[in-house]
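Notes to accompany the following structure.
The values are calculated or read from the model by the stated rules, or taken from the named source; none is laboratory data. Small disclaimer: the values here were computed from a predicted structure and weren't measured. Neighbour counts are summed over all protein chains in view; Cβ atoms, including those assigned to glycine, are modelled from backbone coordinates with ideal geometry. All accessible areas refer to the heavy atoms of the entire protein, side chains included, with ligands and DNA or RNA removed. Shrake-Rupley method; radii C 1.70, N 1.55, O 1.52, S 1.80 Å.
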Amino acid sequence: MSNAGPLGGRRGIQLPSVPKGEVIATYESYLDAQQTVDVLARADFPVGGVSIVGNDLKSVEHITGRLSWGRVALAGAASGAWFGIFLAIVLFIFNTGRADLSLEIAAVLLGAGFGMLFSLVSYALTRGRRDYTSQTAVLATSYAVVVDPDSANRARNVLANAGRGTGTVL
């Protein structure tokens, strides 16, 4: 099997990889690392060779509330109504000969009804195992600013001149 492109050339598959280079600074927050890259960009530093690498990833789940039958029904109705609105727009676009919107309103109401029904059935099947809502995020414990080895000294000088000493500048 060949990975020749449509014009006969070879095309390489680009897989994500950890950037190669020198770590010029580390921070505890992504915002601090991002601000460091902004300082480099404002100093006309070639930021095309700069990366922010998150280290020691952790999955964090923030509990946002408790589920109840009413809350599940309302969320399901809202979700179904959005699908109904989509169908109503499609019906409205392709049904130009009618003057009333009864079919479109029915699509929204049916979407809300089915969304509520499916949500309540799903909640009933999982009752007692997960009675809360949450948001999950993947966070890093530290962020490293990595620069091409050829430009590392220049980047350090730019950061030193900008007084960027909030992190550990290496």
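Just so you know, in the stretch 118-134 the residues that are in a helix (DSSP H, G or I) and open to solvent by 90 Å² or more (accessible area, probe 1.4 Å) include one that is modelled with the highest pLDDT, and it is F118.
Note on the stretch 46-70: residues that are open to solvent by less than 40 Å² (accessible area, probe 1.4 Å) and under 16 Å from A144 (Cα atoms) total 5. When the stretch 135-152 is filtered for residues that are surrounded by fewer than 12 Cβ atoms within 10 Å (Cβ to Cβ) and either among the β-branched types (V, I, T) or more than 21 Å from D56 (Cβ to Cβ) (or both), the ones remaining, listed by number, are T136, V138, T141, P149, D150.
Residues of the stretch 1-39 that are at pLDDT 80 or above, exposed (fewer than 10 other Cβ atoms within 10 Å of the Cβ) and in contact with a Ser or Thr (Cβ under 9 Å, 6 or more places away or on another chain): V18 alone. Entry remark, the stretch 114-159: residues being among the polar types (S, T, N, Q) and closer than 30 Å to A75 by Cβ number 7 in total. Residue pairs whose Cβ atoms lie under 7 Å apart, sitting 6 or more positions apart in sequence or on different chains, and linking a residue in the stretch 92-110 that is more than 10 Å from A81 (Cα to Cα) and without any contact (Cβ under 8 Å) to a residue 40 or more places away in the chain to a partner that is outside any loop (DSSP other than H, G, I, E, B) and open to solvent by 90 Å² or more (accessible area, probe 1.4 Å), are E104/F92.
Just one of the listed residues (A77, A88, A43) is surrounded by 15 or more Cβ atoms within 10 Å (Cβ to Cβ) and at pLDDT 95 or above, namely A77. Considered as a group, the residues in the stretch 62-81 that are hydroxyl-bearing (S, T, Y) and over 17 Å from T136 (Cβ atoms) include one that is nearest to the chain's Cα centre (by Cα), and that residue is S79. Pairs meeting the criteria (first residue in the stretch 62-91 and of a type in the set (S, T, Y), second residue buried (at least 16 other Cβ atoms within 10 Å of the Cβ) and part of a helix (DSSP H, G or I), beta carbons under 9 Å, at least 6 apart or on different chains) are S79/G111; S79/A112; S79/G115; S79/M116; S79/S119.
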